[in-house]
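J.: Attaching a single structure in structure tokens format; questions to follow.
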Amino acid sequence: MTQPLKVFITGASSGIGAALAAEYARRGAILGLVARRTDALEAFRQSHPQHPISLYGADVRDADALAAAAHAFVAEHGMPDVVIANAGVSRGALTGHGDLATFRDVMDTNYFGMVATFEPFAQAMAEAKRGTLVGIASVAGVRGLPGSGAYSASKAAAFAYLEALRVEMRPFNVPVVTIAPGYIRTPMTAKNPYRMPFLMDADRFAAASADAIARGTSFAVFPWPMRVVATLLGALPRWLYDRAFERAPRKPRTAQH
């Protein structure tokens with residue numbers, strides 16, 4: 001009898017994370033879900049009463065809390081088959097406008113939070129020569145988008161980190177999968193005051209991502225037309241990119257606290 005997958009997901013309370021959790025629940029997986037909003041996690045568990053779901057209230061910026069959640073999951077269910085570093089924030093920010101805290105918060109969550117998610121699992125997976133590490137990056141990391149310098153920088157860092165980790169884990173038969181979403185219909189993108197081409201529903205994105213993860217795909221972009229867009233953007237010479245995006249619509253700045 002085939003054993004159910006064991007899947008550990010951060011940022012699972014809404015958006016892409018919640019859609020991935022729902023998709024893996026449909027596939028019969030044992031779930032470990034991490035997020036700051038424990039009420040949303042509990043609501044998800046209540047809506048899936050037939051599935052084994054463990055919940056962990058933690059902020060990915062807190063490496064100790066993440067490590068505690070990881071150790072609790074392993075103690076209860078054993079080593080996960082798939083670890084998905086999904087937690088992320090997107091906030092408008094501009095240099096010279098007092099937004100340094102926003103830049104730091106976005107990088108701490110989107111980049112360092114990814115590293116902290118994998119840290120408790122990577123060595124054990126390497127020793128066991130099994131498991132898959134998955135990072136949710138973004139097409140926004142291909143070029144620096146005006147008004148979204150914090151977000152683009154964090155996702156560019158994620159791209160480079162995941163590539164390095166993929167090569168490091170290759171001798172141990174542990175795939176590292178980079179998933180780069182384009183525009184996905186979530187509460188995060190609902191705040192964008194501009195047109196979002198090829199907007200994809202979160203459940204379709206989650207199903208396509210789970211299939212790519214199962215195949216051990218090293219890099220995938222969804223929806224697929226955004227891979228063409230990302231390739232073209234990456235190939236644009238700097239002078240042309242600068243002219244084309246100088247007047248592009250921008251994400252509003254996030255108010256500082």
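J.: Report, largest value first, the span of the C-alpha coordinates of region 92-203 along each principal axis, in whole Å.
T.: 46, 33, 21
J.: Sticking with this structure for a sec: When only alpha-carbon atoms count, how far does region 160-225 stretch along each of its three principal axes, as whole angstroms with the largest first?
T.: That gives 44, 23, 20 Å along the principal axes, largest extent first.
J.: A follow-up question, please. Around Ala87, under 10 Å between beta carbons, what's the net of Lys plus Arg minus Asp minus Glu among the other residues?
T.: Within the 10 Å Cβ shell, the charges total +1.
J.: May I pose another question? Net charge around Val74, counting only other residues with Cβ within less than 14 Å of its Cβ (Lys, Arg = +1; Asp, Glu = -1)?
T.: Net charge in that neighbourhood comes out at -2.
J.: Count neighbours as other Cβ atoms within 10 Å of each site's Cβ, and list the trypsin sites (Lys or Arg not before Pro) in region 168-257 that are DSSP loop with at most 12 such neighbours.
T.: Numbers: sites: Arg185, Lys191, Arg195, Arg204, Arg215, Arg227, Arg238, Arg243, Arg247, Arg250, Arg253; in loops: Arg195, Arg247, Arg250.
Those that pass, being in a loop and sparsely packed, are Arg195, Arg247.
J.: Sticking with this one: Going highest first, how would you order 2-14, 94-106, 51-63 by mean Cβ packing within 10 Å? Could the numbers behind the result be given before it?
T.: Numbers: 2-14: 21.5, 94-106: 15.2, 51-63: 18.8.
Highest-to-lowest ranking by the protection proxy: 2-14, 51-63, 94-106.
J.: Contact order normalised by length for the chain, with contacts defined as Cα pairs under 8 Å and 6 or more residues apart; what percent is it?
T.: Values: 475 pairs, mean separation 49.9, N = 257.
Taking the mean separation of contacting Cα pairs over the length of the chain, I get 19 percent.
J.: Given a 10 angstrom Cα cut-off, can you work out which residue in Phe44, Phe222, Phe198 is the most mobile in a GNM of the chain?
T.: Phe198
J.: Okay, moving on. Quickly estimate the mean residue ellipticity at 222 nm for the chain, helices only: each DSSP H run with n ≥ 4 gives -39500 (n - 2.57), and the total goes over all residues, rounded to 500.
T.: -14000 deg cm²/dmol
J.: With +1 on the Cβ of every Lys and Arg and -1 on the Cβ of every Asp and Glu, and nothing else charged, how large is the dipole of the chain about its Cα centre, in debye rounded to the nearest 20?
T.: Numbers: 27 positive and 20 negative charges, 184 e Å.
The calculation lands at about 880 debye.
J.: Sticking with this one: Please work out the ratio of the alpha-carbon Rg of region 6-245 to 2.2 N^0.38 Å and round it to two decimals.
T.: That works out to 0.98 for region 6-245.
J.: OK, next. Just to confirm a number: summing +1 for Lys and Arg and -1 for Asp and Glu over residues other than Phe8 whose beta-carbon lies under 13 angstrom from that of Phe8, what do you get?
T.: Local charge sum for Phe8: -2.
Any read-out appearing in this document is the output of simple, stated calculations on the displayed coordinates, not a laboratory observation. Keep in mind that what you see is a predicted model, and the values were worked out from it rather than measured. For neighbour counting, all protein chains shown are included, and Cβ atoms are generated from backbone atoms with ideal geometry for every residue, glycine included.
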